[in-house]
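Okay, structure first, notes after.
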Amino acid sequence: MEHLKGKVALVTGASRGVGKGVALGLGEAGAIVYITGRTDASEQSQFPGSIQQTADEVERMGGKCIPIRCDHRNDHEVEAVFKQIIEEQGWLDILVNNVWGGYESMVENGQYTWPHPFWQQPVWRWDAMFQAGVRAHYVASTFAARLMTAQHCGLVVNISFWAAQKYMGNTAYGVAKAADDKMAAYMAHELRSYNVAVVSLYPGLVRTEGVMAAAESFDLSNSESPQFIGRAVAALAEDPRVMLKSGQVLVAAALAQEYGFTDIDGKQPRPLTLEEA
């Protein structure tokens, strides 16, 4: 399955969850995968996983993965990531903007505040989603675009979600994801003449560490592994006609049907609709 052999990818926020899954999917496809995250092997986090652990898993699959500690709220650290990639590889084919903020401390003073109305939400949550989410995607895309326009090829994927189009219990989250989708569409317009594609990609219900920790609260019958999202990104990167999709919102499970790949358990999850999401 090494259809991406020789391709260079960067996945942001890949210590765990969907980002880790994307790294695994791209490594499985043969790409050289750089990953970023704030949690390295020597640090402790309230969440399991680290960029070193992700890199080790990619390597065990036979892929190549280079972890770089980076706080995407710090532009200098982000710039250093791209400098390292250019020094070591000379180019970048794929950027996956997965890093996101605002999920931290959903429980405050003993209360689960995530589903509260916006006027009862802490303002820091809005700031975190736009600073460590939307802005982080914008900055990484800026550095990637400078490389990809010179190459006249490339793919940028923003990991987004249905909350961009439908209220799903948190105003700040929905607004931030909608901004991310619109940013991808406008970037796609400006990059089209350079043969650089930009898309938003929606997972379904993903079996991340957080979801599995509360598995009894979810119907997992139509769920997806994190690596399934990586296979969707790999399929897009392999598609010679990917520019026809540039600027669009895409659904990972629908891409699986179109491109003919399955999840790691051999299943093919059913694509959700806006009404079902």
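Enumerate by residue number the GluC sites (Glu not before Pro) in the stretch 7-76 meeting two conditions: DSSP loop (anything except H, G, I, E, B), and at most 13 other Cβ atoms within 10 Å of the site's Cβ.
Sparse-neighbourhood loop GluC sites (Glu not before Pro): Glu43.
First measure r as the distance between the Cβ atoms of Ala150 and Asp219, then evaluate 1/(1 + (r/R0)^6) with R0 = 45 Å and state the FRET efficiency to the nearest 0.05. Walk me through the numbers on the way to the answer.
Numbers: r = 47 Å, r/R0 = 1.04.
Computed FRET efficiency for Ala150 and Asp219: 0.45.
Counting other Cβ atoms within 10 Å, which chymotrypsin sites (Phe, Trp or Tyr not before Pro) in the stretch 144-203 have at most 12 and lie in a DSSP loop?
Tyr167
Kindly provide the trypsin sites (Lys or Arg not before Pro) of the stretch 215-277 that DSSP labels as loop, not H, G, I, E or B, and whose Cβ sees at most 14 other Cβ atoms within 10 Å.
Arg241
Provide the gained length on full extension for the span Leu250 to Ala80, in nm with one decimal, where the gain is 0.36 nm per separating residue minus the Cα-Cα distance.
Difference between extended and current length: 58.2 nm.
Note the full-extension length gain between Arg270 and Asp127 as 0.36 nm times their separation in residues minus their Cα-Cα distance, in nm to one decimal.
Net length gain for the segment: 48.1 nm.
With springs only between Cα atoms under 10 Å, which of Gly101, Gly63, Gly260 fluctuates most in a Gaussian network model of the chain?
Gly260
Gain in length, Glu238 to Met106, computed as 0.36 nm per residue apart minus the alpha-carbon separation, to one decimal in nm?
Additional length available on full extension: 43.7 nm.
Rank Ala23, Asn195, Val139 by how far each Cα sits towards the positive end of the charge dipole of the stretch 8-259 (+1 on Lys, Arg Cβ; -1 on Asp, Glu Cβ) and give me just the farthest.
The one lying farthest along the dipole's positive direction is Asn195.
What residue among Pro115, Gln89, Asn170 has its Cα farthest toward the positive end of the dipole of the chain, where the charges are +1 on Lys, Arg and -1 on Asp, Glu, each on the Cβ?
Gln89
Just Gln227, Gln131, Gln121 to compare: in a GNM of the chain, with alpha carbon springs under 10 Å, which one fluctuates most?
Highest fluctuation among the options: Gln121.
With +1 on the Cβ of every Lys and Arg and -1 on the Cβ of every Asp and Glu, and nothing else charged, how large is the dipole of the stretch 2-111 about its Cα centre, in debye rounded to the nearest 20? Could the numbers behind the result be given before it?
Numbers: 10 positive and 16 negative charges, 47 e Å.
In total the dipole reaches around 220 debye.
Take every DSSP beta bridge with both residues inside the chain and express the antiparallel ones as a percent of the total, to the nearest 5.
Just about 5 percent of them are antiparallel.
Identify which of the listed values of Rg/Rh (Cα atoms, Kirkwood Rh) was calculated from the structure shown: (i) 0.97; (ii) 1.03; (iii) 0.94.
Computed from these coordinates, Rg/Rh (Cα atoms, Kirkwood Rh) corresponds to label (iii).
Over the chain, with a Gaussian network built from C-alpha contacts below 10 Å, which listed residue (Gly266, Gly133, Gly154) shows the highest mean-square fluctuation?
Highest fluctuation among the options: Gly266.
Between Tyr259 and Glu2, with labels modelled 7 Å along Cα→Cβ, what's the label distance in nm to one decimal, could you check?
1.9
Taking neighbour counts of Cβ atoms within 10 Å as a proxy for exposure, in what order, fewest first, do Leu201, Leu250, Leu244, Leu95 appear? Don't skip to the answer; put the middle values down first.
On the way: Leu201 25, Leu250 16, Leu244 10, Leu95 28.
Lowest to highest Cβ neighbour count: Leu244, Leu250, Leu201, Leu95.
No value in this document is a laboratory result; all are computed from the given coordinates. None of these values were measured; they are calculated from a predicted model. Backbone-built Cβ (ideal geometry, glycine too); neighbour counts: all protein chains shown.
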